[in-house]
Amino acid sequence: MKKYFDSHFDHLEDVVLPKIDKDEICGELSALDERLLQSKDIAEAVKTIDEYFAFQDQVATAFSLVYIRHTIDTRNEEYAKLFDYLNEIMPVVQEREDAFRRHLLASPLRPELEEKYGKLLFDEMSLSAKTFSPEIIEDLVEENRLSAEYVRLTGSALVEYRGEKMSLSQLGRYTSDLDRKTRKEASELAFGFYADHEKEIGEIYDRMVHVRTRIARKLGYENFLPLGYARMGRLDWDSEDADAYREKIRKYIVPLSNRIFQEQKERLGFAQDTRFYDYNVFYRSGNATPKGTPEQLIEAARTMYRQMSPVASEKFDFMVDHHCMDILAKPGKAGGGYMDYLPALKTSFIFSNFNGTSGDVDVLTHEFGHSLQGFLGGEEKVPAYRNPGIECCEMHSMSMEFLTYPYMDLFFKEDTVKYLYEHLASAITFIPYGCIVDAFQTYCYRNPNITPDERMAYWRSLEKEYLPHRQYPDNAFLEKGGYWMRQGHIFENPLYYLDYTIAQVVSLEFFLETLEDPKKAFDKYLAFCRLGGKYPFRRLLKEAGIDNPMDGDTLKNVSEKIVRCLDSFDLKTIDR
């Protein structure tokens, strides 16, 4: 078996990327496929399958390194070309992997293999088999190309403000500036970029919707929704469950969210003149900001995790010492933040865009939550069992944000209480927004032939329903419904957003448990991380002792308890 990496390295940037060759990768996969077909007994089959898993790790690590280095600097021509090459070859590689999985599913040794690896692996492969056919390869290439086109367009954006050219992420710090004129100018510049590219971005998404619909119909689906759910491995819930869940959000969370925004509006004191950019400032006295340089924030995080847990501390220190983080916003860097796990190197990687706001601490704790689960789940030999389904992955990251509450004074000093209320309130107000993103995509894929203007109008109607405080009397682009164009998930990770809201509710459950017993809550969290993806969504939560946000009265119970927590803050004392 071809081996490109081992797990020993000093600094991630020094890891040598092997030459990525489609024919070599496909040749290895085909050889493993042939060996599987020729396996005479369970021992031979297991040896082949284990080698297949190991080779998957090597290829996944190479592909991840390309993605990481491309997003760190989208202007780097070498990695831009490699990224484009990967988008071209991934459907072909997927075809080879699909053949292996199909033969594994059809193996006469399947009963013994299910006993060895677990039935869930075969259920997941059966679902995955419904997402691919050689007939759709060219369409997949087109889908990848469109996604890359959006990333490159937004990642390469440079906006000049006050004599400095900066990325949209760098500009973000000014959109929450205490000076109203500053945040108005910065917000208008940020959304001005999307307004200037409205036609281009609208056409990219229009082509995406149509190519995804075409792929779905070639695979026998009515539209992209069931295919999108199958791609994400959702075994025990569907779009109808999502519809019902959003109704519960509307009933229990939207009123609480509206209350929070109304209180914020009253604090700011702009009355009916309150604009969309004003809500970026949570307090009249200014938002909580982290105290210190990015390097000092990293050291504060080291201290925090040493106090919290030897397990968390060991992994965080490893990432810092081996340069497995790229955290500063800079020109040419892609927006947003993410964690990627590099299985052949046995490490997680954190990508973010620090810009001097409280979001720097949020992303540090959030992405390390992903990272810690990546480390703990990475001990599992079967790749499919390392991480839970996508609806659960965000639970580890969002919950880490709340589990670290007792240590926030390390980052915010005198602003600590101000940060805690803002963060808790923001978690509530995020949930309706997450529903908008999901409802928007659901509508677009159920109605693939609507026009770009009709999509814009539908987005605006959802804002009025879930987030009625959003008013844009002086911004025609946003009033038309253009806000969604900044949400990269809609382009790159279709239908991956309601997952955040499910995870947010679970994180609030962990928060409430932290208030009672921080150590017990963190031990429960670590056990949850170690479960990885050994069970499907609903059973995984049950095994972890977590109430499912989609079921029963969970949302009602959580919202009632959170109201009492919010009421415990003395906002007049905080905002002075």
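The values are calculated or read from the model by the stated rules, or taken from the named source; none is laboratory data. The shown structure was predicted, so the numbers you read here are calculated from the model rather than taken from an experiment. Counting neighbours? That spans all protein chains shown, and the Cβs are built from the backbone with ideal geometry, glycine included. These accessible areas exclude ligands, DNA and RNA; they are computed on the full protein's heavy atoms, side chains included. Shrake-Rupley method; radii C 1.70, N 1.55, O 1.52, S 1.80 Å.
If you filter the stretch 243-300 down to residues that are under 21 Å from Val563 (Cα atoms) and in a loop (DSSP other than H, G, I, E, B), you find that the one that is least open to solvent (accessible area, probe 1.4 Å) is Tyr283.
Tell me which residues, restricted to the stretch 168-211, are among the hydroxyl-bearing types (Ser, Thr, Tyr), touching a residue at least 12 places away in the same chain (Cβ under 8 Å) and in contact with a helix residue (DSSP H, G or I) (Cβ under 8 Å, 6 or more places away or on another chain). Walk me through how you get there before you give the answer.
The first filter runs over the stretch 168-211 and keeps only residues among the hydroxyl-bearing types (Ser, Thr, Tyr), leaving 169, 174-176, 182, 187, 194, 205.
Narrowing further to those that are touching a residue at least 12 places away in the same chain (Cβ under 8 Å): 169, 174-176, 187, 194, 205.
Those that are among the hydroxyl-bearing types (Ser, Thr, Tyr), touching a residue at least 12 places away in the same chain (Cβ under 8 Å) and in contact with a helix residue (DSSP H, G or I) (Cβ under 8 Å, 6 or more places away or on another chain): Tyr174, Thr175, Ser176, Ser187, Tyr194, Tyr205.
Restricting attention to the stretch 220-242 and to residues that are in contact with an Asp or Glu (Cβ under 8 Å, 6 or more places away or on another chain) and open to solvent by 40 Å² or more (accessible area, probe 1.4 Å), the residue that is nearest to Cys444 (Cα to Cα) turns out to be Pro226.
To keep it simple, each residue is scored yes or no on (1) at pLDDT 95 or above; (2) in contact with a Phe, Trp or Tyr (Cβ under 8 Å, 6 or more places away or on another chain); (3) closer than 23 Å to Gly359 by Cβ.
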position: Tyr245; (1), (2), (3): yes, no, no
position: Tyr283; (1), (2), (3): no, no, yes
position: Pro294; (1), (2), (3): no, yes, yes
position: Met319; (1), (2), (3): yes, yes, yes
position: His323; (1), (2), (3): yes, no, yes
position: Asp326; (1), (2), (3): yes, yes, yes
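Would the stretch 354-367 turn up any residue that is open to solvent by less than 20 Å² (accessible area, probe 1.4 Å), over 30 Å from Leu121 (Cβ atoms) and in a loop (DSSP other than H, G, I, E, B)?
Let us first name the residues in the stretch 354-367 that are open to solvent by less than 20 Å² (accessible area, probe 1.4 Å), namely 354, 358, 360-361, 364-365, 367.
Now drop any that are not over 30 Å from Leu121 (Cβ atoms), which leaves 354, 358, 360-361, 364-365.
Retained after the next criterion (residues that are in a loop (DSSP other than H, G, I, E, B)): 358.
Within the stretch 354-367 (the criterion being open to solvent by less than 20 Å² (accessible area, probe 1.4 Å), over 30 Å from Leu121 (Cβ atoms) and in a loop (DSSP other than H, G, I, E, B)), the answer is yes, since at least one residue qualifies.
Could you run through the stretch 372-431 and say how many residues are of a type in the set (A, V, I, L, M, F, W, C), farther than 24 Å from Pro536 by Cα and open to solvent by 20 Å² or more (accessible area, probe 1.4 Å)?
Narrowing the stretch 372-431 to residues of a type in the set (A, V, I, L, M, F, W, C): 372, 375-376, 382, 384, 390, 392-393, 395, 398, 400, 402-403, 408, 410-412, 417, 420, 424-425, 427-428, 430-431.
From the residues that got through so far, the ones that are farther than 24 Å from Pro536 by Cα too are 402-403, 408, 410-412, 417, 420, 424-425, 427-428, 430.
Adding the requirement that they be open to solvent by 20 Å² or more (accessible area, probe 1.4 Å) leaves 410, 417, 420, 430.
Of the residues in the stretch 372-431, 4 are of a type in the set (A, V, I, L, M, F, W, C), farther than 24 Å from Pro536 by Cα and open to solvent by 20 Å² or more (accessible area, probe 1.4 Å).
Taking the condition among the polar types (S, T, N, Q) and open to solvent by 60 Å² or more (accessible area, probe 1.4 Å), does Asn557 pass? Criteria met by Asn557. Restricting the first member to the stretch 366-386 and to residues that are over 14 Å from Lys346 (Cβ atoms), and the second to residues that are of a type in the set (Val, Ile, Thr) and not in a loop (DSSP other than H, G, I, E, B), the beta-carbon pairs closer than 6 Å and six or more apart or on different chains are Glu367/Ile350.
Out of curiosity, is Arg214 part of a helix (DSSP H, G or I), open to solvent by 30 Å² or more (accessible area, probe 1.4 Å) and either at pLDDT 95 or above or not β-branched (Val, Ile, Thr) (or both)? Yes, satisfied.
Note on the stretch 85-181: enclosed helices (runs of 4 or more DSSP H) holding 3 or more residues that are out of contact with any Phe, Trp or Tyr (no Cβ under 9 Å at 6 or more places or on another chain) and modelled with pLDDT of 90 or more are 110-117, 119-129, 137-155.
Table: residues versus (1) over 23 Å from the mean Cα position of the chain (by Cα); (2) surrounded by fewer than 13 Cβ atoms within 10 Å (Cβ to Cβ); (3) closer than 30 Å to Leu121 by Cα; (4) of a type in the set (D, E, K, R).
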position	(1), (2), (3), (4)
Lys524	no, no, yes, yes
Gly532	no, no, yes, no
Leu541	no, no, yes, no
Gly545	yes, yes, yes, no
Pro549	no, no, yes, no
Cys565	yes, no, no, no
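Note on the stretch 442-454: residues that are under 17 Å from Arg207 (Cβ atoms) and either touching a helix residue (DSSP H, G or I) at 6+ places or on another chain (Cβ under 6 Å) or open to solvent by 50 Å² or more (accessible area, probe 1.4 Å) (or both) amount to 9. Within the bounds of the stretch 12-28, is there any residue that is in contact with a Lys or Arg (Cβ under 6 Å, 6 or more places away or on another chain) and part of a helix (DSSP H, G or I)? Looking for residues that are in contact with a Lys or Arg (Cβ under 6 Å, 6 or more places away or on another chain) and part of a helix (DSSP H, G or I), one finds at least one in the stretch 12-28, hence yes. Evaluating Gly332 against the criteria (1) open to solvent by 10 Å² or more (accessible area, probe 1.4 Å); (2) at positive phi leaves one unmet condition, (1). Kindly check whether there is at least one residue in the stretch 55-64 that is in contact with a helix residue (DSSP H, G or I) (Cβ under 8 Å, 6 or more places away or on another chain), among the aliphatic types (A, V, I, L, M), without any contact (Cβ under 8 Å) to a residue 60 or more places away in the chain and part of a helix (DSSP H, G or I). Looking for residues that are in contact with a helix residue (DSSP H, G or I) (Cβ under 8 Å, 6 or more places away or on another chain), among the aliphatic types (A, V, I, L, M), without any contact (Cβ under 8 Å) to a residue 60 or more places away in the chain and part of a helix (DSSP H, G or I), one finds at least one in the stretch 55-64, hence yes. Exactly one residue out of Leu158, Leu227 is under 24 Å from Trp459 (Cβ atoms) and not acidic (Asp, Glu), and it is Leu227.
Any residue in the stretch 307-329 that is assigned to a strand (DSSP E or B), surrounded by fewer than 23 Cβ atoms within 10 Å (Cβ to Cβ) and among the β-branched types (Val, Ile, Thr)? The answer is yes; a qualifying residue exists. For the stretch 252-269, filtered to residues that are in contact (Cβ under 8 Å) with a residue 40 or more places away in the chain and in contact with a Lys or Arg (Cβ under 8 Å, 6 or more places away or on another chain), the residue that is farthest from Asp551 (Cα to Cα) is Arg267.
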